[in-house]
Each structure stands twice: as C-alpha cells, then as structure tokens.
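**Q** Mind looking over this structure? Questions follow.
The values are calculated or read from the model by the stated rules, or taken from the named source; none is laboratory data. Remember, predicted model here, so these are calculated numbers, not experimental data. Here the Cβ positions follow ideal geometry from the backbone for every residue, glycine too, while neighbour counts run over all protein chains shown.
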Amino acid sequence: MRLLLHANWGDGGWDAFATGCQTAGHRVVWQRPGVWTPSCLDRRADVAVVHGLSGNAGAIHAHYRARGVPVWIVDLPRLREELDAIGFYLNSLHWLPADAVRRVVAPKKLKQRTPDIALVVGQKPDDHAHGMDADGVARWARETVTLARTTGLPVVYRAHPLSRHVLPADAFGADAVSPTTTPIADEFPRTAVVVTHNSTAGWEAIAAGVPVHATDDGAAYAPYTTPLTD
C-alpha cells in the first residue's frame, strides 16, 4: 500500500509511525503539509495521513476524498472527548494517544468564569492557511477589533507568538494587549468570546467552553462557532 504521510519528519512519534508502516510492508511517501498544493496530489496513493486539522488539512482531505482515497487526520488529541467534533468528521477523523505524537493535556470546560472581555487572536504572518503578510495581519486586526466592539465589551488583542513584532494596543484600536509569553488559556476565564480568523487557538477555546467567532468561514471549527450578534 502506498501511504502518504503529510507530517514533518524528524518528530519522534511520526518517525516511529512511518517505520512501523514500512515494517508492515507499506511504502511511505512524506509530504510537508505546510507547502502542499493540489499540484502535489499523488494519483497512486492508497491512503493519506495528515497531521493537523488546520492549514492545508482541509484541502488535502477534500482532494483525496474526492478521488475515493481514505484520509486519516490526526491532531489535537485534547479534543478526543468532544463527541460533537468526532461526529462532525465522521470516519475521517481519528486520534492517536496523546503521547504518541506530542504530550497534550486534555482540558476540561472551565467551571469558574467571569467573562468580561472580547479576545481578538491574531495570526502568524505569511502562513499558508490565510495568506496574509505582516501588513495584512495588522489590517485584519484593526478591522476585527472594530468588529469585536459590537459585543459592547473591552477588546484585548493577542498577537501570534511567532509574529515578528507586537504593536501596542492603540495600533489596533484595542483596549489592551495580551502578553504572548503566557499561555492563551490563562485568558479564557475572563473571555466572553474569542474572535479569530482560523487560529488553532480557536480549538483550545472551544474545548474550554469559550464561545468562538471565526472570520474565516472555511475554518475547520466553523461549525462550532457563534455569531457576535443575533
């Protein structure tokens, strides 16, 4: 069987997975998910394995499923208890044990919350998942902070940790900037809604029971998001 592995080699878990497949007699073809385009489609593939629900996972899934090729998406084991998410992806979404790829602790929905801010979560510039450069992310942030103000709540902006620079709050019209040196989950107890484009932070918020609004209708978690206003 020809198995396409859309993951970054050099990760101990995925290297072991590939070795196991090869030992079982399968041919493993590695493809980097972050640079995948439809021109990379392998017409001889028997099955495709994708690490990650974000980025190009949706396109990889759609193209191979359209050809009748099974797709196994493996990511975010912290959501393995979310039955709605498992149901949405039906048989195309499966889980490896958390320790098989990376150590992740499955969070529980927050019981104690005093939500009093709208948290706008920025994207990493030059990410293929959205195509925005640094200036594009800044424009999106200013527009989205304005959108978040329709909640009537103070707006806090949090840049992506890998952004090349973090501008002050007034550059976006926000009331404050959340430090990227602390886990984003630390903000969830006081967050009424997370507003983002398609950041994977949206999954973390959903798992914690925090409402999410995605400005990207194609975000993998779009079915679980909420409008900002009725």
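Conditions (1) surrounded by fewer than 18 Cβ atoms within 10 Å (Cβ to Cβ); (2) out of contact with any helix residue (DSSP H, G or I) (no Cβ under 7 Å at 6 or more places or on another chain); (3) under 20 Å from His130 (Cβ atoms); (4) modelled with pLDDT under 85, marked per residue:
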site	(1), (2), (3), (4)
Trp14	no, no, no, yes
Gln22	yes, yes, no, no
Arg32	yes, yes, yes, yes
Asn56	no, no, yes, yes
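**Q** Do you know which residues across the range 215-230 are more than 17 Å from Pro125 (Cα to Cα) and surrounded by fewer than 21 Cβ atoms within 10 Å (Cβ to Cβ)?
**A** Residues satisfying the conditions are Asp217, Gly218, Ala222, Pro223, Tyr224, Thr226, Pro227, Leu228, Thr229, Asp230.
**Q** Separate question: Kindly indicate which of Asp46, Asp84, Asp99 is at pLDDT below 60, surrounded by fewer than 14 Cβ atoms within 10 Å (Cβ to Cβ) and either of a type in the set (Phe, Trp, Tyr) or farther than 21 Å from Asp217 by Cβ (or both).
**A** Only one candidate qualifies: Asp99.
**Q** Among the residues of the range 140-199 satisfying the criterion of being among the hydroxyl-bearing types (Ser, Thr, Tyr) and in a loop (DSSP other than H, G, I, E, B), which is modelled with the highest pLDDT?
**A** Out of the qualifying residues, it is Ser178.
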